[in-house]
Amino acid sequence: MNGTKSYLLGSVFILSGTLLLGLMHLAIALYLPHLTSWSNPPGKFVTMMNDMMGWFPYLLGLILLVAGVVLVCRTYFLHKPTN
């Protein structure tokens, strides 16, 4: 895969991971007032993620974000412009 395609794919991964994480945090913030009880540990965040079954999209967003950053950094260092 050439450098331009790798940058584009990495950028799409970063954008989609960021959007997914942002939407998940929005859903968590909207769900917070409806949380009736929690225990410490695991705390409010883990209780909300379990209640709304949000682990898969949250972890998918993290994986996409990290994969995008790795792909862009890898492409940058492999195809470094020479002066």
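Would you please state which residues of the stretch 59-73 a label at Lys5 would reach in this model, taking the label point 7 Å out along Cα→Cβ and a backbone N cut-off of under 20 Å?
Residues 67-73 qualify, since their backbone N sits under 20 Å from the label point.
Could you tell me the calculated FRET efficiency between Val12 and Phe56, based on Cβ-Cβ distance and R0 = 25 angstrom, to the nearest 0.05?
Result of the calculation: an efficiency of 0.80.
Just checking my list [x] 65, 19, 15; [y] 110, 14, 12; [z] 60, 21, 19 against Cα extents along the principal axes in Å computed from this structure; which label fits?
[z]
Can you pull the percent of Cα pairs in the stretch 40-83 with separation above 12 Å?
Tail of the P(r) past 12 Å holds 70 percent of the pairs.
Kindly report the accessible area of the chain per residue (heavy atoms of protein chains, probe 1.4 Å, no ligands, DNA or RNA), in Å².
About 72 Å² of surface per residue is accessible.
Residue by residue through the stretch 2-15, which ³J(HN,Hα) values in whole Hz follow from phi under the Karplus form 6.51 cos²θ - 1.76 cosθ + 1.60 (θ = phi - 60°), with glycine and proline marked x?
With the stated coefficients, the stretch 2-15 comes to 7, x, 5, 5, 5, 4, 5, 5, x, 5, 5, 4, 4, 5 Hz.
The values are calculated or read from the model by the stated rules, or taken from the named source; none is laboratory data. Note that this is a predicted model, so its numbers are computed, not measured. No Cβ is skipped: glycine too gets one built from the backbone with ideal geometry, and neighbour counts run over all protein chains shown. Areas reflect the complete protein model, heavy atoms only, side chains present, ligands, DNA and RNA absent. Shrake-Rupley method; radii C 1.70, N 1.55, O 1.52, S 1.80 Å.
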